Amino acid sequence: MNTNDNRLKAHKLIDHIFQDLLPAHGMTQRPEQIQLSHRMLDAMQGGRIALCDAGTGIGKTYAYLAAATAASAFPTGQIVRPIIISTSSIALQNAVLTEYLPLLSCVLMADGILTKPLKAVIRKGKSHYVCDERLDRRLRQVYPAKKNPEALAALRTLKETLDMDGVSHLSGYDRERVCVPQVCDCKQRDCRYQRFLKTCDKGQFLFQICNHNLLVADAIHHSEGKRPIFPEHGIIIVDEAHKLPETAQQMLGVTLAAEEIRNLILQLKEERYLLAAEMLEDSTGPLLCKLAQSREEAEPVEACLRLLTAPSRTLPIIQRQIGSVLSPLGSCQLNTVLDAVKLFTSPQTDMIFY
Ligand code: SF4
């Protein structure tokens with residue numbers, strides 16, 4: 001493999017796609033789209049990050065699909081299969097799978113560049129797939145005469161369908177009972193779900209399409225030393241990337257809200273631990289006042305963090321004194337606030353506080 005030759009060939013393929021092949025199928029030639037695709041390819045070939053802001057109508061989806069196809073057709077050293085595409089909306093995932101890739105495959109095959117269509121799979125979280133073991137159990141439990149016929153038919157359809165999203169009339173109750181569990185605890189290791197995972201690991205799909213949640217979950221698995229969700233890959237395309245911080249915040253963020261502290265104080269009072277409630281009220285009073293300020297008046301986060309010193313001393317005392325005798329709700333509220341306060345007052349260097 002000559003890396004420089006492949007680099008040039010991949011760029012030429014992009015020009016050919018946008019200047020000849022797609023216009024021959026009625027698509028307008030757009031210089032910004034071609035430029036964008038070349039930039040993306042440069043980043044893919046160089047193992048770098050390209051942060052691209054494409055205006056409406058430029059055709060960013062074809063730009064990255066063409067760049068990724070060219071990068072895989074003419075590899076320059078890094079792992080190119082599979083290419084992960086993460087988007088925020090299901091509509092875009094479906095469009096990539098059923099509209100964009102088939103058309104691109106079609107023009108590339110007609111031109112002799114590809115012999116087979118570009119293969120892609122949509123990857124989802126476990127709760128979207130059927131667990132064979134749980135489905136069998138559920139089907140044994142239901143009384144056909146008592147069950148809504150449409151819901152029963154939907155449940156039976158799952159014998160043939162692994163992904164539950166396309167099955168109409170499936171009740172939320174059934175769905176919850178038959179989805180793949182977080183931890184597989186059966187002896188069977190040759191179920192449809194496990195076979196699907198093996199297929200995804202075998203490298204037969206050039207593209208694996210997911211949402212941002214699954215992408216972040218994969219990063220968490222890596223950081224915690226768990227089995228990765230995706231096979232080893234070298235290229236990630238994050239479409240609708242403006243939604244990624246929100247997802248990361250939901251999945252990785254820790255929040256300490258004034259309401260949680262107030263609820264804990266109320267709970268302590270309700271359970272008649274008045275001294276603990278008073279101690280907490282006194283130590284969190286200045287913080288609650290600060291949090292009640294409007295955003296315009298609010299000071300930098302450091303001002304709030306300083307006010308956590310007093311609660312960081314009080315909360316462990318409350319935990320030691322009454323933690324074991326609190327109700328499950330009170331104990332849960334206390335632990336949540338205590339964990340958040342510990343985190344916010346610890347000298348973490350890999351956290352962003354805001
Ligand atoms: S391995 Fe997991 S998904 Fe497969 S049947 Fe067992 S529990 Fe269900």
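The values are calculated or read from the model by the stated rules, or taken from the named source; none is laboratory data. Note that this is a predicted model, so its numbers are computed, not measured. Virtual Cβ from ideal backbone geometry, glycine too; neighbours counted across all protein chains shown. SASA here: full protein model, heavy atoms, side chains in, ligands and nucleic acids out. Shrake-Rupley method; radii C 1.70, N 1.55, O 1.52, S 1.80 Å.
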Quick one: count up the residues across the stretch 52-78 that are of a type in the set (A, V, I, L, M, F, W, C) and surrounded by fewer than 21 Cβ atoms within 10 Å (Cβ to Cβ).
4
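Against the definition (closer than 25 Å to L97 by Cβ, aliphatic (A, V, I, L, M) and within 16 Å of the ligand (Cβ to nearest atom)), how does L206 come out, yes or no?
Details: closer than 25 Å to L97 by Cβ: yes; aliphatic (A, V, I, L, M): yes; within 16 Å of the ligand (Cβ to nearest atom): no.
Judged against the criteria, L206 is not a match.
Quick check on my filter: what residues within the stretch 243-257 are open to solvent by less than 90 Å² (accessible area, probe 1.4 Å), in a helix (DSSP H, G or I) and free of Cβ contacts under 8 Å to residues at least 24 places away in the same chain? It would help to see each step written out before you state the result.
Step one: list which residues in the stretch 243-257 are open to solvent by less than 90 Å² (accessible area, probe 1.4 Å), which gives 243-245, 247-248, 251, 253-254, 256-257.
Those still in the list that are in a helix (DSSP H, G or I) too: 243-245, 247-248, 251.
Selection gives P245 alone.
Taking the stretch 344-354, which residues are touching a residue at least 12 places away in the same chain (Cβ under 8 Å) and open to solvent by less than 40 Å² (accessible area, probe 1.4 Å)?
At the first step, the residues of the stretch 344-354 found to be touching a residue at least 12 places away in the same chain (Cβ under 8 Å) are 344-345, 353-354.
Once the filter is applied, which keeps residues that are touching a residue at least 12 places away in the same chain (Cβ under 8 Å) and open to solvent by less than 40 Å² (accessible area, probe 1.4 Å), the stretch 344-354 yields only F344.
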Filter the stretch 121-150 down to the residues that are among the aliphatic types (A, V, I, L, M) and within 16 Å of the ligand (Cβ to nearest atom), then identify the one that is most open to solvent (accessible area, probe 1.4 Å).
L139
Pick from R48, R81: which is without any contact (Cβ under 8 Å) to a residue 24 or more places away in the chain, open to solvent by 40 Å² or more (accessible area, probe 1.4 Å) and within 28 Å of P231 (Cβ to Cβ)?
R48
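In this structure, is T314 over 14 Å from L256 (Cβ atoms) and open to solvent by less than 60 Å² (accessible area, probe 1.4 Å)? I'd like the intermediate steps shown before the answer.
Details: over 14 Å from L256 (Cβ atoms): yes; open to solvent by less than 60 Å² (accessible area, probe 1.4 Å): yes.
Judged against the criteria, T314 is a match.
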For the stretch 166-192, give me each residue that is hydrophobic (A, V, I, L, M, F, W, C), closer than 16 Å to A153 by Cα and either within 15 Å of the ligand (Cβ to nearest atom) or not assigned by TED's automatic domain parsing to the domain that holds A151 (or both).
V178
Boolean, L118 is touching a strand residue (DSSP E or B) at 6+ places or on another chain (Cβ under 9 Å) and within 16 Å of the ligand (Cβ to nearest atom)
no
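Only one of these is under 30 Å from G77 (Cα atoms) and either of a type in the set (G, A, S) or assigned to a helix (DSSP H, G or I) (or both): H233, H221. Name it. Quick ask: steps written out before the conclusion?
On the way: H233 fails: either of a type in the set (G, A, S) or assigned to a helix (DSSP H, G or I) (or both).
It is H221.
Does any residue of the stretch 233-242 turn out to be surrounded by 12 or more Cβ atoms within 10 Å (Cβ to Cβ), within 20 Å of A68 (Cβ to Cβ) and within 15 Å of the ligand (Cβ to nearest atom)? Steps first, please.
Step one: list which residues in the stretch 233-242 are surrounded by 12 or more Cβ atoms within 10 Å (Cβ to Cβ), which gives 233-241.
Applying the additional criterion that residues be within 20 Å of A68 (Cβ to Cβ) yields 233-241.
Then drop every residue that is not within 15 Å of the ligand (Cβ to nearest atom), which leaves none.
No: zero hits.
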Could you list all residues from the stretch 79-94 that are in a loop (DSSP other than H, G, I, E, B) and either of a type in the set (G, A, S) or over 22 Å from D218 (Cα atoms) (or both)?
S88, S89
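Residues are listed down the side, and each one gets a yes or a no for (1) touching a Cys at 6+ places or on another chain (Cβ under 7 Å); (2) in contact (Cβ under 8 Å) with a residue 60 or more places away in the chain; (3) charged (D, E, K, R):
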{"residue": "L215", "(1), (2), (3)": "no, yes, no"}
{"residue": "E259", "(1), (2), (3)": "no, no, yes"}
{"residue": "R262", "(1), (2), (3)": "no, no, yes"}
{"residue": "S283", "(1), (2), (3)": "no, no, no"}
If you take the residues in the stretch 52-78 that are in contact (Cβ under 8 Å) with a residue 40 or more places away in the chain and in a loop (DSSP other than H, G, I, E, B), which one is nearest to N2 (Cα to Cα)?
T76
